[in-house]
1. So, restricting to helices (runs of 4 or more DSSP H) that lie completely within the chain, which ones have at least 3 residues that are loosely packed, with under 10 Cβ neighbours inside 10 Å and free of Cβ contacts under 8 Å to residues at least 40 places away in the same chain?
2. Residues in the range 13-63 that are among the polar types (S, T, N, Q), over 25 Å from Phe3 (Cβ atoms) and under 10 Å from the mean Cα position of the chain (by Cα): how many?
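Read the figures in this text as sums done on the coordinates, not as results from a lab. Given the structure is predicted, the values throughout are model-derived calculations rather than measurements. Quick reminder, even Gly has a Cβ in these numbers, built from the backbone with ideal geometry, and neighbours come from all protein chains shown.
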Amino acid sequence: MEFSFLQDIFVILTLSIAILFVCHRLHIPTVVGFLLTGMLAGPHGFGLIRAVEQVEHLAEIGVVLLLFTIGMEFSLS
């Protein structure tokens with residue numbers, strides 16, 4: 001089970017690198033590339049991810065970090 005999770009993470013990282021390279025060449029924002037990677041690799045896309053529940057926990061951590069980064073860059077003035 002541990003190796004399945006590591007394989008899923010490897011698939012996500014490999015797919016995201018490929019899609020981000022394509023998005024960079026087409027001048028598309030990287031956030032769109034990350035969303036596209038999630039849609040393609042997820043259970044409703046190609047179904048490449050088998051440990052869905054564990055990856056969902058990592059996705060929630062990613063959302064928290066994204067909101068933290070947006071909050072740090074937000075200025076009231």
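1. Details: elements: 2-25, 30-41, 52-73.
Those helices (runs of 4 or more DSSP H) span 2-25, 52-73.
2. Here is the first cut: in the range 13-63, the ones among the polar types (S, T, N, Q) are 14, 16, 30, 37, 54.
Add one more test, that the residue is over 25 Å from Phe3 (Cβ atoms), and what stays is 30.
From the residues that got through so far, the ones that are under 10 Å from the mean Cα position of the chain (by Cα) too are none.
Of the residues in the range 13-63, 0 are among the polar types (S, T, N, Q), over 25 Å from Phe3 (Cβ atoms) and under 10 Å from the mean Cα position of the chain (by Cα).
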